[in-house]
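The values are calculated or read from the model by the stated rules, or taken from the named source; none is laboratory data. All values derive from a computational prediction rather than experimental measurement. Cβ coordinates were reconstructed from backbone atoms using ideal geometry, including for glycine residues, and neighbour counts include every protein chain displayed.
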Amino acid sequence: MRLSRYFLPTLKENPAEAQIASHRLMLRAGMIRQGAAGIYSWLPMGLKVLKNIEQIVREEQDAAGAQELLMPTIQSADLWVESGRYDDYGKEMLRIEDRHGRQMLYGPTNEELITDIFRKEVRSYRDLPKNLYHIQWKFRDEIRPRFGVMRGREFLMKDAYSFDLTAEAGKASYNAMFVAYLRTFARLGLKAIPMRADTGPIGGDLSHEFIVLADTGESEVFFDKAFDALDPMIEVDEGADLQPIVDAWTSHYAATDEIHDAENCPVDSAELITGRGIEVGHIFFFGDKYSKPMNAVVQGPEGETTPVQMGSYGVGVSRLVGAIIEACHDENGIVWPESVAPFKVGLLNLRTKDDECTAACDKMYADLKAAGIDVLYDDTNDGAGAKFANMDLIGLPWQLAVGPRGLKNGVVELKNRKTGERVELAPEEAVAKLSA
RNA sequence: CGGGGAGUAGCGCAGUCUGGUAGCGCACUACACUGGGGGUGUAGGGGUCGCAGGUUCAAAUCCUGUCUCUCCGACCA
């Protein structure tokens, strides 16, 4: 993509309303613009990152045996009345009336809807287990939205729902999601710690929050140093018992500041790590909490009818964009992990008016594209300084600077955004290195 | 929902107290110079001062109402 044609409205100055790094940087880097409090438009580069994250989440869900579907954003209130949550949910739920006076709502979550879909179609235990998920926009009318996409009212969420015959089988489904989450966050370039969680309005007796570590995170977290030794990229064989892995990840102490009690902490202070974190995932096993009142039942092997055992598993996809930036930025701007970066490399033409320089840039641009590399080519007439600053701001993993000075010696400069390391090498070598 | 703050050009702000031709920096347009870390000069364009009433010869400025945004608290993926 040529920058001269790309819709990337970057800002040199900080917008007054943005308090935290990710919000500030998302606005400055031209990723989002606010429509109303807690509601954002995603501009091309922001959307690209969002889609990249979404895709990694999707791949890991699919790999864990979940199947994607898509439920609507607007739901009928009837189902919520049936589950008893229509009144429980309170003002956080955006209620809408259609032209016929029917009560509708913009879904804050989808347990009722998925349970309804399930109960209408599934009759036999032979159809179990099932795990269905979708990635869809949700709305929760937060009292006070803040921190940009981290605490918006409208947000993109992956939510999966598992259905099993027995609690034991349900636990296995829960474990599969647990491991999928470890892998997902690792692939996103994040360090995530699972913590035992309050089940809140969703309910149930087994639940974990996944907290991503970031120096500027919203809450303080405490966890055992032992987590550092665990590898999140677990290879899962189909049908394998994941309980030992889950046990390994849940046997160590981890707590947010709300629960943490320094006096009675079971971990020696020398073994305890204190940091800040952002909740990006939450998984629940809640048994028959919804299946029972909503009569989602299957016939078992003995012919008996039993409510299915359910779990639900959420990932804040849009929130992750902010969380990743909180975890990956410096004073100059964003530092994208390569897995989610909007482009892999930024190609900087430092002197567009120099025909030789521009010819060399055009060729590298063509070569990089031919090699299948996603490249943002700064072909604008801005000064070199402005180009470097802008490229640092938007945080592409690699910067390829091409100017007459280097070309005279047959070299271009390749800079790693994260380490700041710069090397000079021949244009073909640079393309080869980026293609590797 | 309780308590603060703010709405003036795309962004950041001054002007409001003490009413009298709407300003500054950045960004934008044109030209020239410059050219490896947000460069320089010259000349330009752009705002019914959030909205609605009111007071006045005259309102960004005073009064009333209203909407929006934002910060702190309780709540949350």
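Check region A:207-220 and report whether any residue there is over 20 Å from the mean Cα position of the chain (by Cα) and closer than 17 Å to A:Arg183 by Cα.
Checked against the condition, which is being over 20 Å from the mean Cα position of the chain (by Cα) and closer than 17 Å to A:Arg183 by Cα, region A:207-220 yields no hits at all.
Is it the case, given these coordinates, that A:Arg151 is within 10 Å of RNA strand B (Cβ to nearest atom) and out of contact with any Asp or Glu (no Cβ under 6 Å at 6 or more places or on another chain)?
yes
With A:Gly30, A:Gly35 as the choices, which residue is within 15 Å of RNA strand B (Cβ to nearest atom), surrounded by fewer than 16 Cβ atoms within 10 Å (Cβ to Cβ), assigned by TED's automatic domain parsing to the domain that holds A:Ala186 and over 30 Å from A:Thr306 (Cβ atoms)?
A:Gly35
State whether the residues of region A:38-53 include one that is assigned by TED's automatic domain parsing to the domain that holds A:Arg102, within 16 Å of RNA strand B (Cβ to nearest atom) and on the phi > 0 side of the Ramachandran plot.
Yes, some residue in region A:38-53 is assigned by TED's automatic domain parsing to the domain that holds A:Arg102, within 16 Å of RNA strand B (Cβ to nearest atom) and on the phi > 0 side of the Ramachandran plot.
For region A:403-422, indicate whether the set of residues that are under 24 Å from A:Pro9 (Cα atoms) and in contact with a Ser or Thr (Cβ under 7 Å, 6 or more places away or on another chain) is non-empty.
no
Is there a residue in region A:61-77 that is surrounded by 16 or more Cβ atoms within 10 Å (Cβ to Cβ) and farther than 30 Å from A:Ala180 by Cβ?
yes
Scan the strands (runs of 3 or more DSSP E) fully inside region A:355-436 and keep the ones with 2 or more residues being without any contact (Cβ under 8 Å) to a residue 60 or more places away in the chain. Give the derivation first.
Values: elements: A:375-378, A:398-402, A:412-416, A:422-425.
Because the criterion is at least 2 residues that are without any contact (Cβ under 8 Å) to a residue 60 or more places away in the chain, the strands (runs of 3 or more DSSP E) in region A:355-436 that meet it are A:398-402, A:412-416, A:422-425.
For region A:244-289, give me each residue that is surrounded by 12 or more Cβ atoms within 10 Å (Cβ to Cβ), away from RNA strand B (no atom under 16 Å from the Cβ) and within 20 Å of A:Asn175 (Cα to Cα).
A:Ile245, A:Val246, A:Ala248, A:Trp249, A:Thr250, A:His252, A:Tyr253, A:Gly287, A:Asp288
Does A:Gly372 qualify as being away from RNA strand B (no atom under 16 Å from the Cβ) and in contact with a Ser or Thr (Cβ under 9 Å, 6 or more places away or on another chain)?
When the stated conditions are applied, A:Gly372 passes them.
From the list A:Leu242, A:Leu165, A:Leu156, which residue is touching a helix residue (DSSP H, G or I) at 6+ places or on another chain (Cβ under 8 Å), in the same structural domain as A:Pro307 (by TED's automatic domain parsing) and closer than 30 Å to A:Trp137 by Cβ?
A:Leu156
Yes or no, residue by residue, for (1) in a strand (DSSP E or B); (2) of a type in the set (Phe, Trp, Tyr):
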{"position": "A:Ser41", "(1), (2)": "yes, no"}
{"position": "A:Met45", "(1), (2)": "no, no"}
{"position": "A:Leu50", "(1), (2)": "no, no"}
{"position": "A:Glu59", "(1), (2)": "no, no"}
{"position": "A:Asp62", "(1), (2)": "no, no"}
{"position": "A:Arg95", "(1), (2)": "yes, no"}
{"position": "A:Asp116", "(1), (2)": "no, no"}
{"position": "A:Trp137", "(1), (2)": "yes, yes"}
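Consider A:Leu320 against the criteria (1) assigned to a helix (DSSP H, G or I); (2) aliphatic (A, V, I, L, M); (3) modelled with pLDDT of 95 or more; (4) farther than 25 Å from A:Asn175 by Cα: it satisfies all of them except one. Which criterion is unmet?
The single condition A:Leu320 does not satisfy is (4).
Report, by residue number, each residue of region A:136-152 that is touching a Leu at 6+ places or on another chain (Cβ under 8 Å) and surrounded by fewer than 19 Cβ atoms within 10 Å (Cβ to Cβ).
Matches in region A:136-152: A:Gln136, A:Trp137, A:Asp141.
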